[in-house]
1. Which numbered condition trips up K196, out of (1) touching a strand residue (DSSP E or B) at 6+ places or on another chain (Cβ under 9 Å); (2) closer than 19 Å to T392 by Cβ?
2. Here are E329, E280, E266: which of them is assigned to a strand (DSSP E or B) and modelled with pLDDT of 95 or more?
3. Is there a residue in the range 379-390 that is within 16 Å of the ligand (Cβ to nearest atom) and under 22 Å from the mean Cα position of the chain (by Cα)?
4. So which of L171, L194 ends up being aliphatic (A, V, I, L, M) and in contact with a helix residue (DSSP H, G or I) (Cβ under 9 Å, 6 or more places away or on another chain)?
5. Can you spot a residue in the range 141-162 that is farther than 26 Å from K458 by Cα and among the small types (G, A, S)?
6. Only one of (1) under 22 Å from the mean Cα position of the chain (by Cα); (2) buried (at least 16 other Cβ atoms within 10 Å of the Cβ) is not met by L308, so which one is it?
7. Taking the range 536-564 on its own, how many of its residues are within 16 Å of the chain's Cα centre (by Cα) and buried (at least 17 other Cβ atoms within 10 Å of the Cβ)?
8. So D312 ticks every box in (1) closer than 14 Å to D500 by Cα; (2) of a type in the set (D, E); (3) in contact with a helix residue (DSSP H, G or I) (Cβ under 7 Å, 6 or more places away or on another chain) but one. Which box is left unticked?
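The values are calculated or read from the model by the stated rules, or taken from the named source; none is laboratory data. Remember, predicted model here, so these are calculated numbers, not experimental data. Glycine also receives a Cβ, built like all others from the backbone with ideal geometry; neighbour counts cover every protein chain displayed.
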Amino acid sequence: MKILGTVRHWLFLGSGFAASLTIAQGVSAEEMPVYSSEATAQPEVATHGMVTSRTTLATQAGLDILKDGGNAVDAAVTVGFALAVTCPQAGNLGGGGFMLIHDAKAGETVAIDYREKAPLAATRDMFLDEEGKVDKELSRYSHLSAGVPGTVAGLALALDKYGTISLKEALAPAIELAEDGFPVNQDLYASLVLGKERLSGSPEAMEMFYHEDGTPYQVGETLRMPELAKTLRMIAKDGPAAFYQGPIGEALVADMEEHNGIITHEDLEKYRPSIREPVEGNYRGYDIISMPPPSSGGIHIIQIMNILEGFDLHAMGSGSARTVNTMAEAMKYAYADRSKHLGDSDFEPVPVDWLLSKDYAAEIRAKIDPDKSTPSSEILPGEAPHEGIDTTNFGVMDEYGNAVVNTYTINFSFGSKILVPGMGFFLNNEMDDFSAKPGVPNAFGLIGGEFNAIESEKRMLSSMSPTLVMKDGRPFLISGSRGGSLIITATLQVLLNVIDHDMNVAEAVSAPRMHHQWLPDILMLERGFSPDTIEILEGMGHEVKVGRAMGTTNSIMFKDGIFYGAGDPRNPDTAALGY
Ligand code: DON
């Protein structure tokens, strides 16, 4: 009886037709999810595998691969290329990112770092004007703003080492979408409206995305990208060489030469993604595995969790003023440390073990009063002991026990807004993630130090945090987000909401978020916190700003043989689909 009621509820209350069908067909009464009709938000549910990304079309492309017997890496790489078409504001060929892969057979998790690199000719002061001030136009919208792209090499490496299908097969859905066209979704339309002023500087971009009268393609209109289809075909035929040594690179370098850019053939030829060991921690019996430098994300998620482990967040309650204040305090210390100690560990001695240690977390915890805010001016980065506006996340879990979570970006929406002529894709403006001048905030208000100064071939510090939570040796939860500095805290809150507040993954993603990044000394809240909670937080000493949505996450949870997926309600087309 109860079960029938539950099934009906799912049918009508919008976890989607596929989920309802899966329950009806694939899950016996005993296996019915523990998260059921009492939940305030329903995840997508499936028994074989799950894919989640920012567009339904890319998610569906990945799901088709899983259904054909492909593994999570096959599906993830397919999604990555499909997003380069269906989400051109963030999905990309001209950017970079990070992919975490849990290989069930080998029992290991690896991190693929395909972050962009500073070109060989980059110099520390390249974005400073004559008065020594940071020239933001140069660091964000010029050819100099682009780092050497890593996406094509990174996705190809992941597939080659951990996948089972060919690059050609992984590219096929993207090529089809670009060639035949796809209906513009709300998300892309909104980005085109917002991006028009900048994009109108490029006749090629105007021709691609706008009608002759200057209006963007409308929601539901078919957008075709023949040039991008051609570029994808070249990669399908000749592999990454088409990009790094072939016609795509030729076009990129020629454009650089024409516009005072500095990316050369040598830069492209030398670019290699790195396979790194992820950072690891544990939190209340769960293993947390995430991205190491040059991302700051993994380190600070684990550091904040280490600090919070000493507080009973469950008893303090989700969204209560004490919980929000305690989290904000932990975040302030972490972001203060980020400003000094984080950078590309291939170049700088990032004190990873110290930042991840339970002892250092305990030192910070001792300074935190759950009922009082410490002004950021009184918080300084710790002293390490001496020793030697657009991103997108996606994830896949498969029936073989593999999991992939990936975040990649071209930094801003449409990156630098510069299209590689004739190739149909945008160049990133990731060079702005370096500290152009130590102490001067970047586009996300993040302050960086010497460790993140510009240097030839260095990778710029990132906040991207694809994260995997393991329970009893098996993937339990994957999550990641977009949102610059908000990525770390948005991803963290999905984890805490599941682990501490017993939320299902859809609830964990939907719950209102908070964020503090040390500087500016402002506690940011999404709408949805109660006025009396805000009053208490102000009484604790916080300057509170209630405002825009923070982060867009994609998450999948695996529990008792069932996959639960959730896109993010903050983004209209983000989807989780399973079978
Ligand atoms: O790597 C980083 O941390 C930034 N470039 C990410 C930018 C971003 O998330 C913008 N998106 N919403």
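1. (2)
2. The conditions single out E280.
3. First, pick out the residues of the range 379-390 that are within 16 Å of the ligand (Cβ to nearest atom): 389-390.
Of the ones still in play, those that are also under 22 Å from the mean Cα position of the chain (by Cα) are 389-390.
Among the residues of the range 379-390, at least one is within 16 Å of the ligand (Cβ to nearest atom) and under 22 Å from the mean Cα position of the chain (by Cα), which makes the answer yes.
4. Answer to the selection: L171.
5. no
6. Only one criterion in (1) under 22 Å from the mean Cα position of the chain (by Cα); (2) buried (at least 16 other Cβ atoms within 10 Å of the Cβ) is unmet by L308, namely (1).
7. Just the residues of the range 536-564 that are within 16 Å of the chain's Cα centre (by Cα), to begin with: 549-556.
Okay, now just the ones that are also buried (at least 17 other Cβ atoms within 10 Å of the Cβ), so 550-556.
Qualifying residue count for the region: 7.
8. So D312 meets the others, but not (3).
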